[in-house]
Amino acid sequence: MKLYASPASSFARKIRVMLIEKNVRHDLEMVNLSAPGELRKVNPIGKVPALDLGDGRVLINSPLIAYYIESRFPDPPLIPADPDLHFEARCREAIADGVMDAVTASLHEMRFHVEEKRSTAWLERQRGKAEAGFAALENVLGDRAWSVGEAMSLADIAVACHITYITLRGPQFFPQDRYPNLTRLWKKMEARDSMRRTTPPRG
Ligand SMILES: N[C@@H](CCC(=O)N[C@@H](CS)C(=O)NCC(=O)O)C(=O)O
């Protein structure tokens, strides 16, 4: 099994963290996303993560890959088996991923357009999504230890991986004093071995 990732990708980091937490043996290929060459052969969309199962099948899109890993390697559970908690965890993952998509769209607009050519309406729309997403995650977390149930789950991993990336590349999208519950969870997550071993580069 080979995982295609890139050092900075928080979507790929979700999967790397899961594999480490579950102690799943795998090969890791770091891709330069500016020259995705080989990646395009396994994922026509050219995005990481992609998981090559080694039997001709390749899975793409982190929620699908996460679900596959959980199904194949259920211990320790990172997506709860209980149906209500299962979908709650995956819904939180989807909100965290959606925040990350909105922040990425904003960062691209700012990177690829000089100021006078940027769409303020587009930037505002993305900012609104990021703010609403973080607010929803903050409120449902409250003062509880974990996002869903009584143990760490994929929801916590997704939230933490994306907050780290956003804090490095667009800290204005995550003012820590506005989101004290998420900040507490994020810092706790970052102290884990699986998170330390997958820390993205600063540059
Ligand atoms: N929805 C996808 C998003 C993956 C994604 O956006 N990956 C980025 C890196 S964080 C990427 O590969 N970008 C390269 C490109 O779009 O060409 C997932 O959850 O896996």
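The values are calculated or read from the model by the stated rules, or taken from the named source; none is laboratory data. Because the structure is a prediction, the values reported are computed rather than measured. Cβ atoms come from the backbone with ideal geometry, glycine included; neighbour counts cover every protein chain shown.
With the structure loaded, tell me whether Glu21 is buried (at least 18 other Cβ atoms within 10 Å of the Cβ), more than 14 Å from the ligand (Cβ to nearest atom) and modelled with pLDDT of 95 or more or whether it fails that test. Lay out the reasoning, then the answer.
Numbers: buried (at least 18 other Cβ atoms within 10 Å of the Cβ): yes; more than 14 Å from the ligand (Cβ to nearest atom): yes; modelled with pLDDT of 95 or more: yes.
It is true that Glu21 is buried (at least 18 other Cβ atoms within 10 Å of the Cβ), more than 14 Å from the ligand (Cβ to nearest atom) and modelled with pLDDT of 95 or more.
Per-residue answers, yes or no, for (1) under 15 Å from the mean Cα position of the chain (by Cα); (2) among the polar types (S, T, N, Q); (3) assigned to a helix (DSSP H, G or I):
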| residue | (1), (2), (3) |
| --- | --- |
| Gly149 | no, no, no |
| Ala158 | yes, no, yes |
| Tyr165 | yes, no, yes |
| Leu185 | yes, no, yes |
| Lys188 | no, no, yes |
| Thr198 | yes, yes, no |
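May I ask you to say which residue of Ala50, Ala5, Ala35 is of a type in the set (A, V, I, L, M, F, W, C) and surrounded by fewer than 19 Cβ atoms within 10 Å (Cβ to Cβ)? Working first, answer last.
Details: Ala50 fails: surrounded by fewer than 19 Cβ atoms within 10 Å (Cβ to Cβ); Ala5 fails: surrounded by fewer than 19 Cβ atoms within 10 Å (Cβ to Cβ).
After ruling out the rest, the residue left standing is Ala35.
Of the residues Pro36, Pro44, which single one is within 10 Å of the ligand (Cβ to nearest atom) and closer than 26 Å to Ala102 by Cβ? Steps first, answer last, please.
On the way: Pro44 fails: within 10 Å of the ligand (Cβ to nearest atom).
Testing whether each residue is within 10 Å of the ligand (Cβ to nearest atom) and closer than 26 Å to Ala102 by Cβ leaves just Pro36.
Within segment 68-79, can you find the residues that are closer than 16 Å to Lys2 by Cα, touching a Lys or Arg at 6+ places or on another chain (Cβ under 8 Å) and within 16 Å of the ligand (Cβ to nearest atom)?
Correct list: Ile69 only.
Which residue pairs have Cβ atoms under 6 Å apart, sit 6 or more places apart or on different chains, and have a first residue in segment 175-187 that is surrounded by fewer than 16 Cβ atoms within 10 Å (Cβ to Cβ) and a second that is among the β-branched types (Val, Ile, Thr)?
Between residues of segment 175-187 that are surrounded by fewer than 16 Cβ atoms within 10 Å (Cβ to Cβ) and residues that are among the β-branched types (Val, Ile, Thr), the close pairs are Gln176/Thr183.
Of the residues Leu53, Leu85, Leu59, which single one is away from the ligand (no atom under 11 Å from the Cβ), modelled with pLDDT of 95 or more, over 28 Å from Ala136 (Cα atoms) and of a type in the set (A, V, I, L, M, F, W, C)? Lay out the reasoning, then the answer.
Numbers: Leu85 fails: over 28 Å from Ala136 (Cα atoms); Leu59 fails: away from the ligand (no atom under 11 Å from the Cβ).
The conditions single out Leu53.
Return only the number of the condition from (1) in a loop (DSSP other than H, G, I, E, B); (2) closer than 15 Å to Met100 by Cα that Arg202 does not satisfy.
Single failed check for Arg202: (2).
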